[in-house]
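K.L.:
First the structure, then my questions, so here it is.
The values are calculated or read from the model by the stated rules, or taken from the named source; none is laboratory data. Just so it is clear, the model here is predicted, and its values are computed rather than measured. In this analysis, Cβ positions are derived from the backbone assuming ideal geometry, glycine residues included, and neighbour counts consider all displayed protein chains. Heavy atoms of the whole protein, side chains included, go into the accessibility calculation; ligands, DNA and RNA do not. Shrake-Rupley method; radii C 1.70, N 1.55, O 1.52, S 1.80 Å.
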Amino acid sequence: QVREWKNEGSKRYMCTGRPGWLTVSLRVGKYKKIHKNIMINLMDVLEVDSERQVVRVEPLVTMGQLTAHLNPMGWTIPVVPELDDLTVGGLIMGTGIESSSHIYGLFQHTCVAYELVLADGSLVRCSPTENSDLFYAVPWSCGTLGFLVAAEIKMIPAKKYVKIHYEPVRGLQKICEKFTEESKKKENSFVEGLVYSLEEAVIMTGVLTDEAEQSKINRIGNYYKPWFFKHVEKYLKADRTGIEYIPSRHYYHRHTRSIFWELQDIIPFGNNPVFRYLFGWMVPPKISLLKLTQGEAIRKLYEQHHVVQDMLVPMKSLEKSIQTFHADLHVYPLWLCPFILPNNPGMVHPKGDEAELYVDIGAYGEPKRKQFEARASMRQMEKFVRSVHGFQMLYADCYMTREEFWDMFDGSLYQKLREQMNCKDAFPEVYDKICKAARH
């Protein structure tokens, strides 16, 4: 298809032919209508190499599919981003994170090689030792350097359960101190925080294990169970700590049934026990279905009165960041997920020469701040994130100017490769693909 596009005179930019409504991002990209759509129907797990401890997959393999395939074989991947429908391609070209990222980094940091079809129609493999510039430039590039056709991802041995410890913490300073302290401990397999108000949170730490106390097993993934964030809130309300054993796969996809807490805005009665028992098997509705069936007016309304954002900030700025989220958005719960950011080349790396501990703050829901105005409020948030040397996840609405965008991200390697590989006539720049200001 790429060669055909070349033979036709390379008139338009190329993009993948996957319809916009199928993506998990709430954004509907307009570029699909005007660019040359390249159909990439590659959705298979290609090989599981237990000697090298690597799994080779095609880009449309989803997280649900991958864990279902690997777990029975005794394997899993180090970072399993939350929602079942997230694809490997999306998590590499965008980004992905999970509560194990304080050990392993972002999803891209667990990948050992990519295979891409470039603008000239050639197939290239890249890794840290082979075409390394391209290997480091691919993450966050949103498909603007080439088409991903396969990826190799590290595997680790799977265990049956996650032994999870819930701890309510009160007072913002205490929350940040406790969360930072737990995130630094490598003996925690998982670390996660749910912040329910400016002064209240539950911090969870988990350890992978094959043994479990039968009376404390909680299969939270079963359709009739309470939504996970509501279950966690009980520990806060009762002001008590707790320990549970959650089957690993249920843990990995613990926020899937309620799409974190987005479903409470779509089906307000969804966590009602009667609804859960009778109709719990019907949720969550696919995000793709919601996007396919919503009209333009509803989409605009949603955009103005609803926030779905993930901001990645240095752990040392956590307290200031939560205060800023509170002042500008006032959305609760907030999701806290720690990750180590290595000092690799590419668009996203820490300010210094050392790897640094960062945290993803996720805000999903209806802002309760009286003066909330999507564009102005988000521009204020973006400015703050740039000031602390943080990053905005690119699946979300981004209101920055081109200058601000390249102030947040390091474009040096990316731009060099676009020049070298003649991408400028083949693919739009990443900014033009994702930013509000660039889309008409």
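K.L.:
Looking at segment 113-146 only, could you name the residues that are of a type in the set (F, W, Y) and open to solvent by 10 Å² or more (accessible area, probe 1.4 Å)? Break it down stepwise before answering.
P.N.:
At the first step, the residues of segment 113-146 found to be of a type in the set (F, W, Y) are 114, 135-136, 140.
Within segment 113-146, F135, Y136 qualify.
K.L.:
So which residues in segment 242-274 are in contact (Cβ under 8 Å) with a residue 40 or more places away in the chain and aliphatic (A, V, I, L, M), if there are any at all?
P.N.:
I243, I246, I259
K.L.:
Turning to a different aspect of this structure: Does any residue of segment 102-110 turn out to be assigned to a loop (DSSP other than H, G, I, E, B), under 30 Å from G242 (Cβ atoms), in contact with a Ser or Thr (Cβ under 8 Å, 6 or more places away or on another chain) and not hydroxyl-bearing (S, T, Y)? Steps first, please.
P.N.:
Applying the first criterion (assigned to a loop (DSSP other than H, G, I, E, B)) to segment 102-110 yields 105-106.
With the extra rule that they be under 30 Å from G242 (Cβ atoms), the set shrinks to 105-106.
Of the ones still in play, those that are also in contact with a Ser or Thr (Cβ under 8 Å, 6 or more places away or on another chain) are 106.
Still in the list and also not hydroxyl-bearing (S, T, Y): 106.
Looking through segment 102-110, at least one residue is assigned to a loop (DSSP other than H, G, I, E, B), under 30 Å from G242 (Cβ atoms), in contact with a Ser or Thr (Cβ under 8 Å, 6 or more places away or on another chain) and not hydroxyl-bearing (S, T, Y).
K.L.:
Can you pull out every residue in segment 409-440 that is open to solvent by 10 Å² or more (accessible area, probe 1.4 Å), at pLDDT below 90 and under 11 Å from S141 (Cα atoms)?
P.N.:
Within segment 409-440, K433 is the sole residue that qualifies.
K.L.:
Right, here's the next one. Taking I361, is it open to solvent by less than 40 Å² (accessible area, probe 1.4 Å), without any contact (Cβ under 8 Å) to a residue 60 or more places away in the chain and of a type in the set (V, I, T)? Let's see the steps before the verdict.
P.N.:
Numbers: open to solvent by less than 40 Å² (accessible area, probe 1.4 Å): yes; without any contact (Cβ under 8 Å) to a residue 60 or more places away in the chain: yes; of a type in the set (V, I, T): yes.
Here the answer is yes, as I361 does meet what is asked.
K.L.:
Now for a separate question. E199 versus (1) modelled with pLDDT under 95; (2) touching a Lys or Arg at 6+ places or on another chain (Cβ under 9 Å); (3) open to solvent by 10 Å² or more (accessible area, probe 1.4 Å); (4) not hydroxyl-bearing (S, T, Y): which is the lone unmet condition?
P.N.:
(1)
K.L.:
Among the residues of segment 211-236, count how many are without any contact (Cβ under 8 Å) to a residue 12 or more places away in the chain, among the basic types (K, R) and exposed (fewer than 14 other Cβ atoms within 10 Å of the Cβ).
P.N.:
The qualifying residues number 0.
K.L.:
Out of (1) surrounded by fewer than 19 Cβ atoms within 10 Å (Cβ to Cβ); (2) over 22 Å from the mean Cα position of the chain (by Cα); (3) not polar (S, T, N, Q), the odd one out for W406 is which?
P.N.:
So W406 meets the others, but not (2).
Residue-by-condition table, conditions (1) modelled with pLDDT of 95 or more; (2) outside any loop (DSSP other than H, G, I, E, B); (3) open to solvent by less than 20 Å² (accessible area, probe 1.4 Å):
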| site | (1), (2), (3) |
| --- | --- |
| K33 | no, yes, no |
| G64 | no, yes, yes |
| P78 | yes, no, yes |
| E82 | no, no, yes |
| D85 | no, no, no |
| I92 | yes, yes, yes |
| G96 | no, no, yes |
| S99 | yes, no, yes |
